[in-house]
Amino acid sequence: MTSYRELFKEFGVRLIVAFGCMLAGVVAGAIIGGGWGVLAALPFVFVGTLVVVPSITSILAQPFSSLLYPSKHLDHTMPMYSIPQSKRAKGLYEEAIAGYEKIAVEYPDEVKPYIEMVTIAIMDLRNVEQAKSFLGRGMVLLKDESARKVLQESYNAVITRLEVKPEWLREQESRTIVPEKVERTLPVEEPDGLTKRRYHPGGYMQDNKDGFVDDRKTIARKH
């Protein structure tokens, strides 16, 4: 879209040419004189009008062009996100990343390629280190602070969807809290140290004896 400055610059040049043509017509008409002089001047006036009219038309049409085509990037093509998106849908994750990297180079102000690459690295490839590299690259190359903020927030949101158990949780789950068979465990050493007994809800199990013996003293209840 042509700016007003360029339009008025072109209009000035055309106006000078048109003024020269009309001046030549006036001189020719004055020399010839009479009705023939007017006829002789008309071609010069007509040419001068043709020279200046296109610029006037462009200046008057500029506001309507701005309404119909408001974008200042109309002379640039839009990023073709459909190609890497289709690659990802087919499971071609590395090719999809390559496509987004190409878009990031051609359109350095676009934040979406970095978001998509981070998402593929985390959700599809389960590669956190690769995702961090995409994040770092975007934070360095993106000039707009708001774009960098969007990229960081997108990374924080996606990384939470990666179900990676921390080391302490994996270690805890690997431990056996309660043995599968209580009978296979050794009797517990009692505080008095006199005998090894294992408590059971029904009493105590003595060494080398079958069943449970409840040797606890009981006190008769008085009514």
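For the stretch 124-136, give me each residue that is in contact (Cβ under 8 Å) with a residue 24 or more places away in the chain and loosely packed, with under 15 Cβ neighbours inside 10 Å.
D124, L125, R126, V128
Being hydroxyl-bearing (S, T, Y) and either touching a residue at least 40 places away in the same chain (Cβ under 8 Å) or open to solvent by 70 Å² or more (accessible area, probe 1.4 Å) (or both) is the filter here, so list the residues in the stretch 33-57 that pass it.
Just the residues of the stretch 33-57 that are hydroxyl-bearing (S, T, Y), to begin with: 49, 55, 57.
Answer for the stretch 33-57, where residues must be hydroxyl-bearing (S, T, Y) and either touching a residue at least 40 places away in the same chain (Cβ under 8 Å) or open to solvent by 70 Å² or more (accessible area, probe 1.4 Å) (or both): S55, T57.
Right, L67: of a type outside the set (S, T, N, Q), open to solvent by 70 Å² or more (accessible area, probe 1.4 Å), farther than 30 Å from L125 by Cβ and modelled with pLDDT under 80 or not?
yes
Taking the stretch 87-116 as the search range and keeping residues that are closer than 17 Å to R148 by Cβ and among the β-branched types (V, I, T), which one is surrounded by the most Cβ atoms within 10 Å (Cβ to Cβ)?
Result: I115.
Would you mention how many residues in the stretch 137-162 are open to solvent by 60 Å² or more (accessible area, probe 1.4 Å) and assigned to a loop (DSSP other than H, G, I, E, B)?
Adding up the residues that qualify gives 4.
The values are calculated or read from the model by the stated rules, or taken from the named source; none is laboratory data. Here the structure is a predicted model, which is why all the values come from computation and not from measurement. So basically every Cβ, Gly included, is an ideal-geometry build from the backbone, and we count neighbours across all protein chains shown. Please note that ligands, DNA and RNA were not included when accessible areas were found on the heavy atoms of the full protein model with its side chains. Shrake-Rupley method; radii C 1.70, N 1.55, O 1.52, S 1.80 Å.
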